[in-house]
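One structure is given here, and the rest of the page talks about it.
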Amino acid sequence: MRQLISIVSIVFIYTVSLLAANYTKNYYFIFNLCVIPLIVSGYFFSEFNSLLLVSFCCILNLSFIFIENASYGAFQNIFLLLTCVSLSTVMKKDFNGIKIRKEDELKTIDATLASLRQEAVRVKNSRTILEHKSAEIGKLYHSAKKMASCSGLEDLLNTMRDIIADSLKFKKCELITVYYAQDSVKIDKIYQITKEKITQVNMVDYEEGLLKLMLRRKQHLVIDGKQGSANTEDFAFPEYLNTFAAFPIMSGEKTNAILAIEEFDTEQKDLFAVIANQFSMALERARLYELVQELAITDGLTGVFVRRHMLQRLDEELVRAAHFNTRVSLLMIDIDDFKKYNDKHGHLKGDVLLKEAAAILKNGIREIDIIGRYGGEEFCLVFPDTDSKGAEFVANRLRESVKSIDATISVGISAYPHDAGNVSQLIERADKMLYKAKQSGKDKVCIYEK
């Protein structure tokens, strides 16, 4: 391409020069025609091509000497032409130097821009990660508040299910509660938690071994099946699982439960650990709350309901009986000659007798039946869906059972709605029958009759 431009320039100069030579005596006009292509050639062409073009122009100028004797003007033109070419070459070198510096600066700027783009991407990614972590921290904060507001175990379990179902990825979760029996720790209940519901299940395979392992470790266990098994003498990692984790729910140094998770995202193990820690504190509060509630409604000596709670339950049973048209029987029970026993053996022995009698009565009735301490050595039993005859049968069985601790009881019975229409009447008439049993020789069962 450059050679083509050179040839075009030479032809242009030569043609114009010949045409101009016939019509003018001013050879400076020839110089003006030559200067522009010479400067262009010196600026854009290589030194060799520029030299060829200058040589041609010089020969052209010398040829005019033979047209007219103007050698001085011709040589002057040649000098000026050479000067123009030299000047353009110097300009070219300066321009090349400037061009190289600018190209280096542009490269530096490009590299800086690329680095800034990478930094911008890194900052954006960091911001996304921070926003994600901030959202997780916010969820954990709200989950802690929700758990702290739970007063019972059932409420706490439902709250935890909502939290982990909303925030974490897992297939199945189990809460294994334990109880302490003398020198051993046993599994109490197992709650299976899925994203849909909570159900109480029986022991499957690994729970017993997991309990032994966690009692020794007292710290969380995370197993990734891809990285190998984690079998021990107590715990065998289930082969059908890919990932598994277990977190101890502790109060101080005491393990109260174990949270076991199957098929979970290992990147969320720290979140599980935080939630397990929150659950530990919430579970301890829930147990303390239930203990306070139990102490508030349970007699400290005998372990049966206190009078206030027993009467409340009796009232509830009468409302239910009225709604479903069923029956309720009330038994008033008194330990015979208890005052004499206290005077003879002392109050400590008397307390033992009360405790043993309450245990016999409690073990001799159904789970739906209600037992409470009415006052002193008196007990009150409520039998839902039971008439007077059925209550009499159970009362006589209890009366015989109490004789195993060298004591006797007297029992008075009344029934709703046959004998009474409300709680006060029911108690009054059962108490009247108790007095009758006492007066007729004790160790008896008397039924109210209109």
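The values are calculated or read from the model by the stated rules, or taken from the named source; none is laboratory data. What you see is a predicted model, and the numbers here were worked out from it, not measured in a lab. As a convention, Cβ positions derive from the backbone with ideal geometry for all residues, glycine included, and neighbour counts pool all protein chains shown.
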Given the conditions (1) assigned by TED's automatic domain parsing to the domain that holds ASP270; (2) more than 14 Å from ILE249 (Cβ to Cβ), every one holds for HIS142 apart from (1)
So, GLU131, is that one in a strand (DSSP E or B) and of a type in the set (D, E, K, R) or not? no
Search the stretch 217-228 for residues that are over 17 Å from SER280 (Cβ atoms) and pair each with any residue that is modelled with pLDDT under 80 when their beta-carbon atoms are under 6 Å apart and the residues are at least 6 apart or on different chains. VAL222/LYS269; ILE223/ALA230; ILE223/PHE237; ASP224/THR266
Is it fair to say LEU301 is in the same structural domain as LEU353 (by TED's automatic domain parsing) and either within 30 Å of LYS146 (Cβ to Cβ) or in contact with a helix residue (DSSP H, G or I) (Cβ under 8 Å, 6 or more places away or on another chain) (or both)? no
All-but-one check, ARG313 against (1) among the charged types (D, E, K, R); (2) closer than 30 Å to ASN422 by Cβ; (3) at pLDDT below 90; (4) in the same structural domain as ILE413 (by TED's automatic domain parsing), failing number (3)
Has the stretch 136-152 got any residue that is of a type in the set (S, T, N, Q) and at pLDDT 80 or above? no
Among the residues of the stretch 155-180 satisfying the criterion of being farther than 22 Å from VAL204 by Cα and more than 15 Å from the chain's Cα centre (by Cα), which is surrounded by the most Cβ atoms within 10 Å (Cβ to Cβ)? LEU156
